[in-house]
Amino acid sequence: MSELDPLRFSEHIDEVPGLNEDADTVGLERLARALLDRVPEAVTDEDTASAALRDLGFVLASIERHGMDHRSLPGAEETLLKLGGLVDEVPRDSVYTYALRNPGNALRTFTGIPQEVLFIEEVRRAGIALRPAVDHLMAALPLPARDPLLLEHLAAATEAFKVFADALLTVKRNITPEVFSTRMRPYFPPMTVGGTVLYAPGGAQMTPLLVDMAVLRPEPGDPRQKWYAQYLDENLLYLPAAYRAAGDTILTHRPLLPRLLDEATGDTTAPVLAQLRLLMREILHFRLPHLQLARANMRIRPDGSLGSGGYTTDSLDHLVELTTERHQRLSDAFTAAPPLDHATA
(Lines give C-alpha, C1' and ligand atoms only; values in the text may rest on other atoms or scores of the structure.)
Protein backbone atom coordinates (compact mmCIF):
# COMPACT_ATOMS: atom_id res chain seq x y z
CA MET A 1 0.00 0.00 0.00
CA SER A 2 2.84 2.42 0.76
CA GLU A 3 4.00 2.17 -2.86
CA LEU A 4 0.74 3.58 -4.22
CA ASP A 5 0.98 7.07 -5.72
CA PRO A 6 -2.54 8.04 -6.83
CA LEU A 7 -1.82 11.80 -6.77
CA ARG A 8 1.46 11.34 -8.68
CA PHE A 9 3.27 12.97 -5.77
CA SER A 10 6.51 11.24 -6.76
CA GLU A 11 6.76 13.85 -9.53
CA HIS A 12 7.07 16.52 -6.82
CA ILE A 13 9.14 14.82 -4.12
CA ASP A 14 12.24 16.87 -4.88
CA GLU A 15 10.27 20.11 -5.02
CA VAL A 16 8.91 20.09 -1.47
CA PRO A 17 12.21 20.49 0.45
CA GLY A 18 13.22 23.39 -1.78
CA LEU A 19 9.86 25.10 -1.43
CA ASN A 20 10.13 24.71 2.33
CA GLU A 21 13.71 25.95 2.43
CA ASP A 22 12.59 29.11 0.60
CA ALA A 23 9.35 29.37 2.59
CA ASP A 24 7.69 29.57 -0.82
CA THR A 25 4.03 29.55 0.16
CA VAL A 26 2.96 30.46 -3.37
CA GLY A 27 4.70 27.38 -4.74
CA LEU A 28 3.33 25.17 -1.95
CA GLU A 29 -0.18 26.45 -2.54
CA ARG A 30 0.13 25.78 -6.25
CA LEU A 31 1.29 22.23 -5.54
CA ALA A 32 -1.52 21.68 -3.03
CA ARG A 33 -4.10 22.80 -5.57
CA ALA A 34 -2.69 20.40 -8.16
CA LEU A 35 -2.89 17.48 -5.73
CA LEU A 36 -6.40 18.40 -4.58
CA ASP A 37 -7.58 18.55 -8.16
CA ARG A 38 -6.38 14.96 -8.72
CA VAL A 39 -8.22 13.47 -5.75
CA PRO A 40 -11.71 12.97 -7.26
CA GLU A 41 -10.48 10.72 -10.08
CA ALA A 42 -7.45 9.19 -8.35
CA VAL A 43 -8.98 8.07 -5.06
CA THR A 44 -11.10 4.99 -5.60
CA ASP A 45 -10.78 2.96 -2.39
CA GLU A 46 -9.32 2.86 1.12
CA ASP A 47 -5.75 2.19 -0.07
CA THR A 48 -5.61 5.07 -2.54
CA ALA A 49 -7.26 7.31 0.05
CA SER A 50 -4.53 6.42 2.55
CA ALA A 51 -1.79 7.26 0.04
CA ALA A 52 -3.52 10.52 -0.86
CA LEU A 53 -3.85 11.49 2.82
CA ARG A 54 -0.13 10.82 3.25
CA ASP A 55 0.95 12.98 0.32
CA LEU A 56 -1.45 15.83 0.95
CA GLY A 57 -0.17 15.79 4.52
CA PHE A 58 3.33 16.72 3.47
CA VAL A 59 2.14 19.75 1.51
CA LEU A 60 -0.61 20.99 3.84
CA ALA A 61 1.56 20.64 6.96
CA SER A 62 4.26 22.60 5.10
CA ILE A 63 1.74 25.34 4.36
CA GLU A 64 0.74 25.50 8.02
CA ARG A 65 4.38 25.57 9.10
CA HIS A 66 4.94 28.71 7.01
CA GLY A 67 2.03 30.59 8.54
CA MET A 68 -0.88 29.77 6.22
CA ASP A 69 -4.07 28.01 7.22
CA HIS A 70 -4.85 25.02 5.01
CA ARG A 71 -8.53 25.98 5.28
CA SER A 72 -7.82 28.99 3.08
CA LEU A 73 -7.39 26.58 0.15
CA PRO A 74 -10.75 25.83 -1.49
CA GLY A 75 -11.66 22.18 -0.98
CA ALA A 76 -8.71 21.31 1.27
CA GLU A 77 -10.63 20.69 4.47
CA GLU A 78 -13.46 18.88 2.70
CA THR A 79 -10.90 16.63 0.99
CA LEU A 80 -9.13 15.81 4.27
CA LEU A 81 -12.43 14.93 5.92
CA LYS A 82 -13.41 12.73 2.97
CA LEU A 83 -10.07 10.89 2.95
CA GLY A 84 -10.09 10.43 6.72
CA GLY A 85 -13.57 8.96 6.49
CA LEU A 86 -12.56 6.52 3.76
CA VAL A 87 -9.51 5.34 5.71
CA ASP A 88 -11.28 5.52 9.09
CA GLU A 89 -8.43 7.57 10.56
CA VAL A 90 -7.86 11.15 11.67
CA PRO A 91 -8.15 13.46 8.63
CA ARG A 92 -4.55 14.66 8.55
CA ASP A 93 -1.02 13.31 8.43
CA SER A 94 -0.01 11.03 11.31
CA VAL A 95 3.03 9.05 12.37
CA TYR A 96 1.69 6.25 10.17
CA THR A 97 1.40 8.33 7.00
CA TYR A 98 4.68 10.13 7.72
CA ALA A 99 6.85 7.09 8.37
CA LEU A 100 5.24 3.65 8.18
CA ARG A 101 3.51 4.31 4.85
CA ASN A 102 6.33 6.37 3.41
CA PRO A 103 7.77 4.31 0.51
CA GLY A 104 11.48 3.62 0.89
CA ASN A 105 12.09 3.79 -2.86
CA ALA A 106 10.41 7.22 -3.15
CA LEU A 107 10.82 8.74 0.29
CA ARG A 108 8.77 11.83 1.08
CA THR A 109 10.36 14.41 3.39
CA PHE A 110 9.76 17.99 4.48
CA THR A 111 13.41 19.03 4.45
CA GLY A 112 15.46 16.45 2.56
CA ILE A 113 18.21 16.60 5.21
CA PRO A 114 19.93 13.30 6.10
CA GLN A 115 18.68 13.48 9.68
CA GLU A 116 15.05 13.52 8.58
CA VAL A 117 15.67 10.58 6.25
CA LEU A 118 17.21 8.63 9.14
CA PHE A 119 14.35 9.65 11.43
CA ILE A 120 11.71 8.35 9.02
CA GLU A 121 13.61 5.12 8.43
CA GLU A 122 14.05 4.44 12.16
CA VAL A 123 10.45 5.28 13.02
CA ARG A 124 9.36 2.91 10.26
CA ARG A 125 11.68 0.19 11.57
CA ALA A 126 10.34 0.68 15.08
CA GLY A 127 6.72 0.62 13.97
CA ILE A 128 7.15 -2.54 11.92
CA ALA A 129 8.84 -4.28 14.85
CA LEU A 130 6.00 -3.44 17.21
CA ARG A 131 3.32 -5.10 15.12
CA PRO A 132 4.29 -8.63 16.22
CA ALA A 133 4.92 -7.38 19.75
CA VAL A 134 1.30 -6.25 20.00
CA ASP A 135 0.05 -9.49 18.43
CA HIS A 136 1.99 -11.63 20.90
CA LEU A 137 0.92 -9.59 23.90
CA MET A 138 -2.71 -9.83 22.84
CA ALA A 139 -2.32 -13.59 22.53
CA ALA A 140 -0.80 -13.64 26.02
CA LEU A 141 -3.54 -11.62 27.72
CA PRO A 142 -6.07 -14.46 28.23
CA LEU A 143 -3.51 -17.17 29.05
CA PRO A 144 -3.10 -18.31 32.66
CA ALA A 145 0.34 -17.98 34.21
CA ARG A 146 0.93 -21.73 33.99
CA ASP A 147 0.24 -21.98 30.25
CA PRO A 148 3.52 -22.87 28.44
CA LEU A 149 2.51 -20.73 25.45
CA LEU A 150 2.59 -17.64 27.65
CA LEU A 151 6.37 -17.76 27.94
CA GLU A 152 6.72 -18.03 24.15
CA HIS A 153 4.51 -15.01 23.54
CA LEU A 154 6.33 -12.89 26.11
CA ALA A 155 9.73 -13.85 24.68
CA ALA A 156 8.64 -12.95 21.14
CA ALA A 157 7.21 -9.62 22.32
CA THR A 158 10.48 -8.86 24.12
CA GLU A 159 12.58 -9.49 21.02
CA ALA A 160 10.31 -7.25 18.95
CA PHE A 161 10.43 -4.46 21.53
CA LYS A 162 14.25 -4.61 21.54
CA VAL A 163 14.17 -3.45 17.92
CA PHE A 164 11.85 -0.59 18.83
CA ALA A 165 14.10 0.55 21.69
CA ASP A 166 17.19 0.30 19.48
CA ALA A 167 15.57 2.50 16.84
CA LEU A 168 14.96 5.23 19.42
CA LEU A 169 18.60 5.05 20.54
CA THR A 170 19.73 5.38 16.92
CA VAL A 171 17.67 8.56 16.61
CA LYS A 172 19.02 9.88 19.92
CA ARG A 173 22.64 9.30 18.87
CA ASN A 174 22.36 10.76 15.37
CA ILE A 175 19.90 13.66 15.52
CA THR A 176 20.77 16.53 17.84
CA PRO A 177 18.03 18.46 19.65
CA GLU A 178 19.07 21.54 17.67
CA VAL A 179 18.50 19.83 14.32
CA PHE A 180 15.23 18.22 15.37
CA SER A 181 13.79 21.28 17.11
CA THR A 182 14.79 23.89 14.53
CA ARG A 183 14.80 21.99 11.22
CA MET A 184 12.24 19.19 11.59
CA ARG A 185 9.82 19.89 14.44
CA PRO A 186 8.29 23.03 12.80
CA TYR A 187 6.78 20.76 10.12
CA PHE A 188 4.70 18.97 12.75
CA PRO A 189 2.16 21.73 13.52
CA PRO A 190 -1.29 21.18 15.01
CA MET A 191 -4.06 21.56 12.42
CA THR A 192 -7.74 22.30 12.88
CA VAL A 193 -9.83 20.03 10.68
CA GLY A 194 -13.61 19.88 10.92
CA GLY A 195 -13.50 22.11 13.97
CA THR A 196 -11.17 19.75 15.88
CA VAL A 197 -7.53 20.46 16.70
CA LEU A 198 -5.52 17.46 15.50
CA TYR A 199 -1.91 17.04 16.51
CA ALA A 200 0.94 16.09 14.22
CA PRO A 201 2.92 12.84 14.13
CA GLY A 202 4.09 12.07 17.66
CA GLY A 203 5.42 9.19 19.72
CA ALA A 204 2.26 8.95 21.81
CA GLN A 205 0.40 7.96 18.63
CA MET A 206 2.56 4.89 18.08
CA THR A 207 1.93 1.34 19.20
CA PRO A 208 3.96 1.49 22.45
CA LEU A 209 0.62 2.82 23.65
CA LEU A 210 -0.88 -0.65 23.12
CA VAL A 211 2.13 -2.32 24.76
CA ASP A 212 1.69 -0.16 27.84
CA MET A 213 -2.02 -0.93 27.92
CA ALA A 214 -1.40 -4.65 27.69
CA VAL A 215 1.40 -4.83 30.24
CA LEU A 216 1.31 -2.10 32.87
CA ARG A 217 -1.63 0.30 32.67
CA PRO A 218 -3.10 1.52 35.98
CA GLU A 219 -5.93 -0.54 37.42
CA PRO A 220 -9.04 0.62 39.31
CA GLY A 221 -8.06 2.26 42.57
CA ASP A 222 -4.74 3.51 41.25
CA PRO A 223 -4.60 7.32 41.56
CA ARG A 224 -3.04 7.46 38.10
CA GLN A 225 -6.00 5.78 36.44
CA LYS A 226 -7.92 9.01 35.75
CA TRP A 227 -4.89 10.65 34.12
CA TYR A 228 -4.16 7.52 32.11
CA ALA A 229 -7.76 7.21 30.89
CA GLN A 230 -7.59 10.77 29.57
CA TYR A 231 -4.21 10.03 27.97
CA LEU A 232 -5.77 7.07 26.15
CA ASP A 233 -8.76 9.13 25.02
CA GLU A 234 -6.44 11.74 23.54
CA ASN A 235 -4.19 9.31 21.69
CA LEU A 236 -6.06 6.16 20.72
CA LEU A 237 -7.96 8.14 18.08
CA TYR A 238 -4.72 8.59 16.08
CA LEU A 239 -4.19 4.83 15.70
CA PRO A 240 -5.28 3.01 12.55
CA ALA A 241 -8.64 1.26 12.85
CA ALA A 242 -7.14 -2.20 13.41
CA TYR A 243 -5.02 -0.93 16.28
CA ARG A 244 -7.98 0.92 17.81
CA ALA A 245 -9.87 -2.38 17.73
CA ALA A 246 -6.88 -4.06 19.37
CA GLY A 247 -6.98 -1.41 22.08
CA ASP A 248 -10.65 -2.19 22.74
CA THR A 249 -9.79 -5.88 23.11
CA ILE A 250 -6.84 -5.18 25.41
CA LEU A 251 -9.06 -3.15 27.74
CA THR A 252 -11.28 -6.19 28.31
CA HIS A 253 -8.38 -7.94 30.08
CA ARG A 254 -6.34 -7.14 33.14
CA PRO A 255 -2.84 -5.85 32.31
CA LEU A 256 -0.33 -8.67 32.28
CA LEU A 257 2.13 -7.54 34.93
CA PRO A 258 -0.24 -7.18 37.91
CA ARG A 259 -2.25 -10.23 36.86
CA LEU A 260 0.76 -12.52 36.52
CA LEU A 261 2.13 -11.34 39.85
CA ASP A 262 -1.18 -12.25 41.45
CA GLU A 263 -1.13 -15.67 39.78
CA ALA A 264 2.55 -16.43 40.51
CA THR A 265 3.07 -19.71 42.35
CA GLY A 266 6.76 -20.48 42.81
CA ASP A 267 8.78 -22.64 40.43
CA THR A 268 6.05 -23.19 37.87
CA THR A 269 5.57 -19.53 36.98
CA ALA A 270 9.07 -18.21 37.75
CA PRO A 271 10.25 -18.42 34.11
CA VAL A 272 7.21 -16.41 32.99
CA LEU A 273 7.92 -13.67 35.52
CA ALA A 274 11.58 -13.69 34.55
CA GLN A 275 10.67 -13.17 30.90
CA LEU A 276 8.22 -10.45 31.86
CA ARG A 277 11.05 -8.75 33.73
CA LEU A 278 13.16 -8.82 30.58
CA LEU A 279 10.31 -7.21 28.65
CA MET A 280 9.97 -4.50 31.30
CA ARG A 281 13.69 -3.78 31.03
CA GLU A 282 13.33 -3.27 27.28
CA ILE A 283 10.40 -0.93 27.85
CA LEU A 284 12.57 1.07 30.24
CA HIS A 285 15.42 1.02 27.71
CA PHE A 286 13.03 2.90 25.44
CA ARG A 287 11.23 5.08 27.96
CA LEU A 288 14.17 6.58 29.84
CA PRO A 289 16.17 7.69 26.75
CA HIS A 290 12.93 8.98 25.23
CA LEU A 291 12.35 11.18 28.26
CA GLN A 292 15.96 12.41 28.15
CA LEU A 293 15.61 13.22 24.46
CA ALA A 294 12.33 15.06 24.97
CA ARG A 295 13.78 17.11 27.82
CA ALA A 296 16.84 18.01 25.74
CA ASN A 297 14.57 19.23 22.94
CA MET A 298 12.35 21.23 25.27
CA ARG A 299 15.34 22.96 26.87
CA ILE A 300 16.20 24.72 23.63
CA ARG A 301 12.61 25.67 22.74
CA PRO A 302 10.66 28.68 24.02
CA ASP A 303 8.91 28.33 27.37
CA GLY A 304 5.49 26.74 27.06
CA SER A 305 6.35 24.76 23.93
CA LEU A 306 4.56 21.48 23.30
CA GLY A 307 5.77 18.34 21.61
CA SER A 308 4.32 17.40 18.23
CA GLY A 309 1.68 15.29 19.98
CA GLY A 310 0.52 18.29 22.01
CA TYR A 311 2.25 17.40 25.28
CA THR A 312 4.92 18.76 27.58
CA THR A 313 7.37 16.30 29.12
CA ASP A 314 5.03 15.96 32.12
CA SER A 315 3.19 13.13 30.39
CA LEU A 316 6.46 11.31 29.80
CA ASP A 317 7.30 11.83 33.48
CA HIS A 318 4.04 10.10 34.40
CA LEU A 319 4.76 7.22 32.01
CA VAL A 320 8.29 6.79 33.35
CA GLU A 321 6.98 6.82 36.91
CA LEU A 322 4.37 4.19 36.05
CA THR A 323 6.89 2.01 34.22
CA THR A 324 9.57 2.18 36.92
CA GLU A 325 7.01 1.48 39.66
CA ARG A 326 5.74 -1.59 37.81
CA HIS A 327 9.32 -2.75 37.17
CA GLN A 328 10.16 -2.29 40.85
CA ARG A 329 7.10 -4.28 41.87
CA LEU A 330 8.24 -7.11 39.65
CA SER A 331 11.81 -6.90 40.99
CA ASP A 332 10.53 -6.97 44.57
CA ALA A 333 8.70 -10.20 43.79
CA PHE A 334 12.00 -11.74 42.73
CA THR A 335 13.78 -10.46 45.82
CA ALA A 336 11.15 -11.96 48.09
CA ALA A 337 11.18 -15.33 46.33
CA PRO A 338 13.84 -18.01 46.91
CA PRO A 339 16.51 -18.19 44.18
CA LEU A 340 15.73 -20.42 41.22
CA ASP A 341 18.46 -21.79 38.96
CA HIS A 342 16.31 -21.72 35.84
CA ALA A 343 15.00 -18.19 36.25
CA THR A 344 16.75 -15.73 33.97
CA ALA A 345 16.06 -12.62 36.01
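Annotations for the structure displayed:
- Spin-label model distance (nm) - residue 225 vs residue 113, 7 Å beyond Cα toward Cβ: 4.5
- Folded to 0 to 90 degrees: helix 270-299 orientation relative to the chain principal axis, Cα: 40
- For the chain: relative contact order, % (alpha-carbon pairs under 8 angstrom, 6 or more apart): 18
- Separation between Cα centres of the range 1-47 and the range 111-180, rounded to whole Å: 30
- Surface calculation, 1.4 Å probe, protein heavy atoms: residue 248 sits at approximately 100 Å² accessible.
- Cβ-placed point charges (K, R +1; D, E -1), dipole of the chain about Cα centre in debye, nearest 20: 700
- Nearest-ten-degree value, helix 225-235 long axis tilted from longest Cα axis of the chain: 30
- Taking 0.36 nm per residue of sequence separation and removing the Cα-Cα distance, the residue 328/residue 233 pair yields an extension gain of 31.5 nm.
- When shorter helices are ignored and each DSSP H run of at least 4 residues is given -39500 (n - 2.57), the per-residue value for the chain at 222 nm works out to -19500 deg cm²/dmol.
- Between 174, 251, 106, the Cα set farthest toward the positive side of the dipole of the chain (charges on each charged residue's Cβ, about the Cα centre) is that of 174.
- The long axis of helix 25-42 is offset from the longest Cα principal axis of the chain by roughly 80 degrees.
- Longest site-free stretch - the chain; sites: trypsin sites (Lys or Arg not before Pro), DSSP loop, at most 16 other Cβ within 10 Å: 9-145
- Dipole axis of the chain (+1 Lys, Arg; -1 Asp, Glu on Cβ), positive-most option in 143, 283, 241: 283
- Between amide H atoms placed 1.01 Å from N, distances below 5 Å from residue 193 occur with 198, all of them 5 or more places distant or on a separate chain.
- Per-residue ³J(HN,Hα) for the range 54-64, Karplus 6.51 cos²θ - 1.76 cosθ + 1.60, θ = phi - 60°, Hz, x for Gly and Pro: 4, 6, 4, x, 5, 7, 5, 5, 5, 4, 5
- At full extension, residue 254 and residue 30 could sit 75.5 nm farther apart than now, given 0.36 nm per residue minus the alpha carbon distance.
The values are calculated or read from the model by the stated rules, or taken from the named source; none is laboratory data. Bear in mind the structure is a predicted one, so any value in this text is a computation, not a measurement. Every residue, glycine as well, gets a Cβ built from its backbone with ideal geometry; the counts of neighbours run over all protein chains shown. Please note that ligands, DNA and RNA were not included when accessible areas were found on the heavy atoms of the full protein model with its side chains. Shrake-Rupley method; radii C 1.70, N 1.55, O 1.52, S 1.80 Å.
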